[in-house]
Structure formats: C-alpha cells, structure tokens
Amino acid sequence: MTHIEKIRLLKLLYQYRAMGFEYFQEYRPLALLQQAMPSSTLEELKKSVAQCHLCGLAKSRKNVIFGAGNLKANVMFIGDNPGVSEDETGMLFSGKSGELLAKMIENVLLIPKEEVYVTHILKCKTPDNRVPTPEEVACCKPYIMQQIQMIRPKIIVALGSTSFHHLTGEYDTPINTIRGTVLNFGEAKLIPTFHPNFLLRNPSAKKEVYADMLKVRSML
Ligand code: SF4
C-alpha cells in the first residue's frame, strides 16, 4: 500500500469512527479504498455513491439521488438535498418543484429539460428536510465536485442558499443579495438563484428568477 493510499484509508477510518463505528469485523482495505478514490466515469461514480455510507444520512434514506440529464450539458443545475418525494420515488426533482424547474428550463432557456444536467449538493435526504450539517456536506461534496469535473458545464446554476454557500464557501453572503450575479467557478460561470421550493412558497420572487434565467440564456 502506498503512502497516499494509507492516508486515504486513515481518513476513511476516521470518518467511520465519527459515524459511530468502533470496529470492522472484516478488514477489506481494497473495498474501502474504492470509495475514497476518484471514479473515472460518471457511471462508476454513480455506483459508488449508491453504496455510500460516509455520513449518518445513509441510515434514514430510501434512495440515493445521484443526478440526471445530458452528460455533456452546457448548463448544470445544482439543488440542495433530495426532498421526501425524491427519497420515496428515487426520482430527481419529482413533484411541484420539479415541474417548476422544468418550466424554467423549457420556457425561459428554450431548451428541452433533457439538455441540462440536474443534481444536488447532497445525495441523501435530510430528516424533516433540515439544512445539511457542515459534516454531511464535507462527506458528500467530493461527489458533486467530481460530477462537475466530468460534465464540465459552461454554466452552473446554484439553486438556493445551501447550494450556493457550500459550492462557493461564501457562507456570509445571503442568496437574495448575490442571486443573478455571474461568478467564476473554475472553468465554469456560476449563477446563484432562488430554489424552486422557495418560489412555490414565494411566487412573487419568480420575476427575479426569470431575469436570472434570461441571463443564463444570453450566455449559452
Ligand atoms: S449524503 Fe452523501 S456522503 Fe452522506 S451517505 Fe449520502 S451519499 Fe454518502
């Protein structure tokens, strides 16, 4: 085992200990290492995320929601965490917020929804849809970063404050002051906007999101 592999294994063991594991009945370093190593394809990554138990959310989830859409999408929408209906059905952005997101894509960006890629920062539902903890995000964030790296979108739309804060690390900037701003994010441009769930509760904010989507359209 190389030095790097040992460090990765040690890091994983610390994470398992933080989750309450005290021992492993069977010592399987290769299986553990596979989880820590970056995957080379999205399909491989999807398989390892489906088996992920790195944070406590694995205990209460029914389905892991990985992401869906065009693997060569120009635009990637990133939400916060799967909701109850996504966890129940296994379907990404199901329900009313999904319908609203589809309208934003098809009626304002004027492209079929299958043309974009949609996912969340976190891949498992949080209890009572609470905001994910920094520890949960720290465990899950490598997955979204790998998805971004593999899809290489031109534009990332961060849906809502949880997505924006954890993607950028700008925890002190409220979403209502930054939404619609075009930010640099690696090779991509990132535009934060309100989450469809927020729009369902606050329909008057739709005009701001409409303006943000027009900006995305102008950059395509
Ligand atoms: S939320 Fe992410 S890190 Fe936590 S168990 Fe689910 S996939 Fe793994």
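Applying the criterion of at least 3 residues that are in the same structural domain as Glu86 (by TED's automatic domain parsing), among the hydrophobic types (A, V, I, L, M, F, W, C) and open to solvent by less than 20 Å² (accessible area, probe 1.4 Å) to the strands (runs of 3 or more DSSP E) found wholly in the stretch 102-212 leaves 155-159, 188-193.
Considering only the stretch 163-183, I want to know if a residue exists there that is of a type in the set (Asp, Glu) and more than 22 Å from Ala102 (Cα to Cα). If you could, list the steps in order and put the result at the bottom.
The first filter runs over the stretch 163-183 and keeps only residues of a type in the set (Asp, Glu), leaving 170, 172.
Still in the running and more than 22 Å from Ala102 (Cα to Cα): 170, 172.
Within the stretch 163-183, one or more residues are of a type in the set (Asp, Glu) and more than 22 Å from Ala102 (Cα to Cα).
The requirement of being more than 23 Å from Leu200 (Cβ to Cβ) and away from the ligand (no atom under 13 Å from the Cβ) is fulfilled somewhere in the stretch 130-149, by at least one residue.
Residues that are in a helix (DSSP H, G or I), touching a Lys or Arg at 6+ places or on another chain (Cβ under 7 Å), of a type outside the set (Gly, Ala, Ser) and buried (at least 19 other Cβ atoms within 10 Å of the Cβ): does the stretch 43-51 have at least one?
yes
Would you confirm, using the coordinates I've provided, whether Leu42 is in contact (Cβ under 8 Å) with a residue 24 or more places away in the chain and under 15 Å from the mean Cα position of the chain (by Cα)? So Leu42 fits the description; yes.
Filter the stretch 87-123 down to the residues that are of a type in the set (Asp, Glu) and in contact with a Lys or Arg (Cβ under 7 Å, 6 or more places away or on another chain) and list them by number. Spell out how you get there, then give the answer.
Taking the stretch 87-123 and keeping what is of a type in the set (Asp, Glu), we get 87-88, 99, 106, 114-115.
Within the stretch 87-123, Asp87, Glu88, Glu106 meet the criteria.
There is at least one residue in the stretch 38-45 that is within 16 Å of the ligand (Cβ to nearest atom), at pLDDT below 65 and under 30 Å from Ile105 (Cβ atoms). Does Gln35 satisfy being of a type outside the set (A, V, I, L, M, F, W, C), over 30 Å from Pro112 (Cβ atoms) and at pLDDT 90 or above? So Gln35 does not fit the description; no.
Can you tell me which residue among Asp87, Asp80 is open to solvent by less than 10 Å² (accessible area, probe 1.4 Å) and acidic (Asp, Glu)?
From the options Asp87, Asp80, the qualifying one is Asp87.
Provide a single number: the residues in the stretch 110-129 that are over 14 Å from Val49 (Cα atoms) and more than 9 Å from the ligand (Cβ to nearest atom). Give the derivation first.
At the first step, the residues of the stretch 110-129 found to be over 14 Å from Val49 (Cα atoms) are 110-118, 126-129.
Subsequent filtering for residues that are more than 9 Å from the ligand (Cβ to nearest atom) retains 110-118, 127-129.
The total comes to 12.
Within the stretch 51-67, does at least one residue satisfy the condition of being away from the ligand (no atom under 15 Å from the Cβ) and modelled with pLDDT under 95? The answer is no, given that none of the residues of the stretch 51-67 is away from the ligand (no atom under 15 Å from the Cβ) and modelled with pLDDT under 95. Residue-level check: of (1) of a type outside the set (Gly, Ala, Ser); (2) open to solvent by less than 40 Å² (accessible area, probe 1.4 Å); (3) within 21 Å of Val116 (Cα to Cα); (4) over 13 Å from the mean Cα position of the chain (by Cα), Cys55 misses just (3).
The values are calculated or read from the model by the stated rules, or taken from the named source; none is laboratory data. This structure is a prediction, so every number in the text was calculated from the model and none was measured. Cβ atoms come from the backbone with ideal geometry, glycine included; neighbour counts cover every protein chain shown. Just the protein is used for accessible areas: all its heavy atoms, side chains included, with ligands, DNA and RNA removed. Shrake-Rupley method; radii C 1.70, N 1.55, O 1.52, S 1.80 Å.
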